[in-house]
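The values are calculated or read from the model by the stated rules, or taken from the named source; none is laboratory data. Fair warning: this is a prediction, and the values are worked out from it, not measured in the lab. Here the Cβ positions follow ideal geometry from the backbone for every residue, glycine too, while neighbour counts run over all protein chains shown.
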């Protein structure tokens, strides 16, 4: 047997094994995501260095899409900056219009929607259009991050890989989520947080997609290693530095101990500020999306307009900050409202504590940067620019937390500013993307310590709860029960989600007795009908009550009583009638409580609408379960039933 035959046989054996198949599948997706992420990262950095640092003279703390070499020096050229921003936006718009319209905006929402609504299918054109458009948008200074685009690119790789392997829709969805984890892990350098993020970001509520966790772990690990090694190999080849640290940021050592319990009040203020920042960002992005959608302009023009507007916002903020602060150095932080902005956070970690500005002035400056970054991100993404929203959430959160930290400096409840920056990052990410667990893990991973875990839990949880069901990510559903991906195999309580109104007309015709009918007329109707209970109806259509079949049959015929006793005199039980809005579970319970097989249904005015039987309810349940079983088989669950 040849080596190729042995290899083919080994792969078939691994794919047939319930554990080995995910090592192969998720590992393959992670490897592809890491390689593509390395090319994407180096390409974005190369274009950004050439355009933003070379032509526009932006300092590296502003221009770099990664937080390396944080300096604020440089010869600014603001007019060329506006031109570069506009040109990059127009070029990205052309790619989007002529290649794939789904490449506009953040990207994560497209992947989430494909998971829930499209059986895990992402057309191959989408990730590659996203790849090209994002390099143009981010490299030219568009206000956004790399994580959103790479999450869609990674999801597209997972979907394509699943299609090539001819996997079931269920397995294809799992690989899609694994691709999200592999891509984000490769560029954000936080594999554990990336894996949890992929499982959490699918839902608005606190639900998590448990099936994707282990494949996401595998993909995130392989993606992180492949992406890091790829960037180290490719970067020096084009004159860029390699990966300088195992984590994206290098904050100073900060910790929270039991004796620091008073600082929890300060962290509560950080959580409140992060909630407000998250709500502002979400509202601005939604407003920008609707505003640009109404513009009667070609699709490719809108990203250029949005990029130009964001550049004007950054320029105005720079001149305003320089005038208020009386200096140029810290004022240049406001230029971080364009570009990635990660360099601002690294500058704060490395040099912010030693700034010559007063704490109140720094708090005001960082608060202004947070608001400005929200506005420029909304203009860039809302106009159709191909930029992610994960990165801006991190930057806005860090600036918001830093503003609170500097404002509380010197007070007993004031945590260290570096800790507040990290907590702000976690809070805004948890709120805007609905990922509280991933957010607190992200803080621990980038800080290189678990000593901030308690305040991270506190801030992430509060921000998540206080933001409600608002989100930056389109396509999310509230919970697992609301996802079409699980509609077929959750075996949910069908009866609790169906009302009497929905099946009322599905039964046979029922015989009703007029309230003025005499005994003999009632006997004739009862003997000719095939039902056990008969509704008695007044002339105005309202229900009087019910008559039992045996009650009429057992009555001895008596000419004297024939015209004296009417159906209305014998009817009873009008109070046990059902209503159209009652659920089938409530209806079935009341049918069993009454010891009857059928009950009448009336509207709010008491008008008779029909009869509901236990047989009708069970027939609806049987049909629903058959549909669910068929969908479950189509999703690929049936063939795995025997696996262990």
Output the residues belonging to segment 1-50 that are in contact with a helix residue (DSSP H, G or I) (Cβ under 6 Å, 6 or more places away or on another chain) and at pLDDT below 70.
14, 15
Would you pick out the residues in segment 455-469 that are in contact (Cβ under 8 Å) with a residue 24 or more places away in the chain and part of a helix (DSSP H, G or I)?
455, 456, 458, 459, 460, 461, 462, 463, 464, 466
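Restricting to segment 470-485, name every residue that is part of a loop (DSSP other than H, G, I, E, B) and either surrounded by fewer than 21 Cβ atoms within 10 Å (Cβ to Cβ) or under 8 Å from the mean Cα position of the chain (by Cα) (or both). Give the steps one after another, and end with the answer.
Keep residues of segment 470-485 that are part of a loop (DSSP other than H, G, I, E, B), which gives 470-476, 478-479, 483-485.
Result: 470, 471, 472, 473, 474, 475, 476, 478, 479, 483, 484.
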Can you pull out the residues in segment 519-545 that are surrounded by 15 or more Cβ atoms within 10 Å (Cβ to Cβ) and either outside the structural domain of residue 615 (by TED's automatic domain parsing) or not in a helix (DSSP H, G or I) (or both)?
529, 531, 533, 534, 535, 536, 537, 538, 542, 543, 544, 545
Selected residue [assigned to a helix (DSSP H, G or I), surrounded by fewer than 24 Cβ atoms within 10 Å (Cβ to Cβ) and assigned by TED's automatic domain parsing to the domain that holds residue 376] from 126, 153
126
When segment 283-297 is examined, which residues are found to be out of contact with any helix residue (DSSP H, G or I) (no Cβ under 6 Å at 6 or more places or on another chain) and assigned to a helix (DSSP H, G or I)?
283, 286, 287, 290, 291, 293, 294
So which residues in segment 220-256 are at pLDDT 90 or above and farther than 14 Å from residue 39 by Cβ, if there are any at all?
220, 221, 222, 224, 225, 256
Among the listed residues 426, 407, 368, 419, which satisfies the condition of being in contact with a helix residue (DSSP H, G or I) (Cβ under 8 Å, 6 or more places away or on another chain), farther than 30 Å from residue 292 by Cβ and surrounded by fewer than 24 Cβ atoms within 10 Å (Cβ to Cβ)?
407
Identity of the residue in segment 316-366, part of a loop (DSSP other than H, G, I, E, B) and under 30 Å from residue 386 (Cβ atoms), that ends up modelled with the highest pLDDT
338
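Is it true that some residue in segment 348-358 is more than 21 Å from residue 248 (Cβ to Cβ) and either in contact with a strand residue (DSSP E or B) (Cβ under 7 Å, 6 or more places away or on another chain) or buried (at least 20 other Cβ atoms within 10 Å of the Cβ) (or both)?
Narrowing segment 348-358 to residues more than 21 Å from residue 248 (Cβ to Cβ): 354-358.
So of that shortlist, the ones also either in contact with a strand residue (DSSP E or B) (Cβ under 7 Å, 6 or more places away or on another chain) or buried (at least 20 other Cβ atoms within 10 Å of the Cβ) (or both) come out as none.
The answer is no; no qualifying residue exists.
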What is the residue count in segment 191-206 for residues that are touching a strand residue (DSSP E or B) at 6+ places or on another chain (Cβ under 9 Å) and part of a loop (DSSP other than H, G, I, E, B)?
3
Is segment 443-453 home to any residue that is part of a loop (DSSP other than H, G, I, E, B) and crowded, with 22+ Cβ neighbours inside 10 Å?
yes
Looking at the structure I just gave you, is residue 391 part of a loop (DSSP other than H, G, I, E, B), in the same structural domain as residue 315 (by TED's automatic domain parsing) and modelled with pLDDT under 95?
no
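This table checks each residue for (1) in a loop (DSSP other than H, G, I, E, B); (2) closer than 17 Å to residue 442 by Cβ.
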{"site": "212", "(1), (2)": "no, no"}
{"site": "224", "(1), (2)": "no, yes"}
{"site": "250", "(1), (2)": "yes, yes"}
{"site": "255", "(1), (2)": "yes, no"}
Flagged pairs (Cβ under 9 angstrom, 6 or more apart or on separate chains; first in segment 241-268, assigned by TED's automatic domain parsing to the domain that holds residue 425 and at positive phi; second modelled with pLDDT under 85 and surrounded by fewer than 13 Cβ atoms within 10 Å (Cβ to Cβ)) are none
Of the residues in segment 201-230, those that are surrounded by 23 or more Cβ atoms within 10 Å (Cβ to Cβ), in contact (Cβ under 8 Å) with a residue 60 or more places away in the chain and within 23 Å of residue 393 (Cβ to Cβ) come to 201, 202, 203, 216, 219, 220, 223, 224, 227
Being over 44 Å from the mean Cα position of the chain (by Cα) and assigned by TED's automatic domain parsing to the domain that holds residue 616, is that true of even one residue in segment 577-589?
no
